[in-house]
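The values are calculated or read from the model by the stated rules, or taken from the named source; none is laboratory data. As the structure is a prediction and not an experimental result, all values here were calculated from the model. Note that we place each Cβ from the backbone using ideal geometry, even for glycine, and neighbour counts take in every protein chain shown.
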Amino acid sequence: MGRTTNDLPMRCFSWETGELRPGLLISGATERGLFCALGDPDTPGPATRVPFHQKNPPTVENGRVYEAFPFWVRPKSAKRFLVLAQPHEKHLDDARCLLNISTYNPETFGGRGFWRATEGRTNTLVTGLTYYSDAHEREAIASHGLVILDPTQILRVRPEGSDQHWAVRLVDGTLQSDPWEQYQAALYLETR
């Protein structure tokens with residue numbers, strides 16, 4: 001059976017090894033404020049920090065952000081970077097969702113994980129990496145990404161070293177993660 005979120009007005013989710021969790025986990029704070037990290041800053045792999053907008057940060061509840069609007073800031077003397085802000089009124093009816101995907105798999109046996117849209121362009125905003133040791137004490141790499149998922153898109157996701165693929169999609173406003181074979185079987189039955 002697939003895993004689903006409840007029909008709540010949440011727009012931010014996290015996905016890891018087939019499991020969906022509401023919200024984006026807050027990774028820490030700097031002198032400039034809170035941030036979410038994609039990848040692990042405590043390992044040698046590169047990590048990307050997504051800071052909160054200083055003047056209009058998203059609301060944090062129990063260490064998570066449930067609604068946020070991502071946008072690019074371009075300071076005069078620096079490279080542009082992504083920030084998360086409190087959604088404006090015009091974004092509240094936005095049917096898209098913000099999804100933090102991690103291909104980390106503790107039972108990995110090698111092979112890179114990935115995510116991609118089955119049709120159209122995958123709207124990945126930023127990515128990061130985590131280096132870790134797998135179940136056989138080999139070095140492995142997990143990819144992390146912050147993705148905007150459109151209601152018409154289906155993401156195909158594979159965790160690191162797994163043969164299992166997942167279909168992540170919005171179904172009647174609810175984010176759903178199903179094994180790929182189950183998703184394909186449901187499609188077949190719908191077309192008959």
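Within the set Thr118, Thr130, the sole residue that is surrounded by fewer than 21 Cβ atoms within 10 Å (Cβ to Cβ) and on the phi < 0 side of the Ramachandran plot turns out to be Thr118.
For the range 62-92, the candidate set comprises residues that are among the aliphatic types (A, V, I, L, M) and part of a loop (DSSP other than H, G, I, E, B); within that set, the residue that is surrounded by the most Cβ atoms within 10 Å (Cβ to Cβ) is Ala68.
Scanning the range 155-172 turns up no residue that is among the acidic types (Asp, Glu), more than 21 Å from Leu38 (Cα to Cα) and part of a strand (DSSP E or B). In this structure, Glu181 does satisfy being over 13 Å from the mean Cα position of the chain (by Cα), part of a helix (DSSP H, G or I) and not aliphatic (A, V, I, L, M). Residues of the range 136-149 that are assigned to a loop (DSSP other than H, G, I, E, B) and either touching a strand residue (DSSP E or B) at 6+ places or on another chain (Cβ under 7 Å) or within 14 Å of Leu20 (Cα to Cα) (or both): none at all. Taking every residue in the range 55-68 that is within 19 Å of Ile148 (Cβ to Cβ) and pairing it with any residue that is surrounded by 11 or more Cβ atoms within 10 Å (Cβ to Cβ) and among the acidic types (Asp, Glu), at least 6 positions away or on another chain, the pairs with Cβ-Cβ distances below 8 Å are Pro58/Glu67. Based on this model, can you work out whether Arg138 counts as of a type in the set (D, E, K, R) and under 17 Å from the mean Cα position of the chain (by Cα)? Criteria not met by Arg138.
Pairs linking a residue in the range 24-45 that is outside any loop (DSSP other than H, G, I, E, B) and at pLDDT 80 or above to a residue that is among the polar types (S, T, N, Q) and exposed (fewer than 13 other Cβ atoms within 10 Å of the Cβ), with Cβ atoms under 7 Å and 6 or more positions apart or on different chains, are Gly33/Gln54.
Residues are listed down the side, and each one gets a yes or a no for (1) more than 12 Å from the chain's Cα centre (by Cα); (2) hydroxyl-bearing (Ser, Thr, Tyr); (3) at pLDDT 90 or above; (4) closer than 17 Å to Pro22 by Cα:
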residue: Gly63; (1), (2), (3), (4): yes, no, yes, yes
residue: Lys79; (1), (2), (3), (4): yes, no, no, no
residue: Val83; (1), (2), (3), (4): yes, no, yes, no
residue: Gly128; (1), (2), (3), (4): no, no, no, no
residue: His165; (1), (2), (3), (4): yes, no, yes, no
residue: Gly173; (1), (2), (3), (4): yes, no, no, yes
